[in-house]
1. Could you check the simple spin-label distance between Gln3 and Arg27, using points 7 Å along Cα→Cβ, in nm with one decimal?
2. Which Cys in the chain stand alone, with every other cysteine's Cβ at 4.7 Å or more from theirs?
3. Provide the convex hull volume over Cα atoms per residue for the chain, in Å³.
4. Where the only charges are on Cβ atoms (+1 Lys, Arg; -1 Asp, Glu), what is the dipole of the range 29-115 about its Cα centre, to the nearest 20 debye?
5. Carbon and sulfur: what percent of the chain's accessible surface (1.4 Å probe)?
6. Just to confirm a number: summing +1 for Lys and Arg and -1 for Asp and Glu over residues other than Val78 whose beta-carbon lies under 10 angstrom from that of Val78, what do you get?
7. So how strong a dipole does the range 58-102 carry about its Cα centre when Lys and Arg Cβ are +1 and Asp and Glu Cβ are -1, to the nearest 20 debye?
8. Per residue, how much accessible area does the range 14-115 have with a 1.4 Å probe, in Å²?
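The values are calculated or read from the model by the stated rules, or taken from the named source; none is laboratory data. Everything numeric here is computed off the predicted structure, so don't read it as measured data. All Cβ positions, even for glycine, are placed from backbone atoms using ideal geometry, and neighbour counts span all protein chains on display. Accessible surface is based on the protein model in full, side chains and every heavy atom, while ligands, DNA and RNA are left aside. Shrake-Rupley method; radii C 1.70, N 1.55, O 1.52, S 1.80 Å.
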Amino acid sequence: QVQLVESGGGLVQAGGSLSLSCAASGRTFSDYAFAWFRQAPGQDREFVAAAPTGGRPNYADSVKGRFTISRDNAKNTVYLQMNSLKAEDTAVYCCYAALLSRDYWGKGTLVTVSS
């Protein structure tokens, strides 16, 4: 069982930055692939970025070059650094973890970007 707790959301002006964190419980953090998803009001949830256990991170085209995902296996934490934020980045951002057939979701943290 893995529990995911996001933090770092808030209100920021367009062009600003925020850093989100996802703290994960469990002893096998390094075995899990992690990702961030977001859901804007009235829209479907969409993929933002992923940090696989091996290989390079990957990003949605809409955030490429502005967002950076990273993971610290020693701290059981995944981060999402968000720069050059736009109004359309406003959403609830959720952390996701997966290992084989098991997957887990955090409850999310709200990011609001004012234009």
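1. The two pseudo-label positions are separated by 1.7 nm.
2. Cysteines of the chain left without a disulfide-compatible partner: Cys94.
3. 96
4. Numbers: 10 positive and 8 negative charges, 32 e Å.
So the dipole magnitude of the range 29-115 works out to roughly 160 debye.
5. On the way: 3010 of 6380 Å².
Roughly 47 percent of what the probe reaches on the chain is carbon or sulfur.
6. 0
7. With only Lys, Arg, Asp and Glu charged at Cβ, the dipole is about 140 debye.
8. Value for the range 14-115: 54 Å² per residue.
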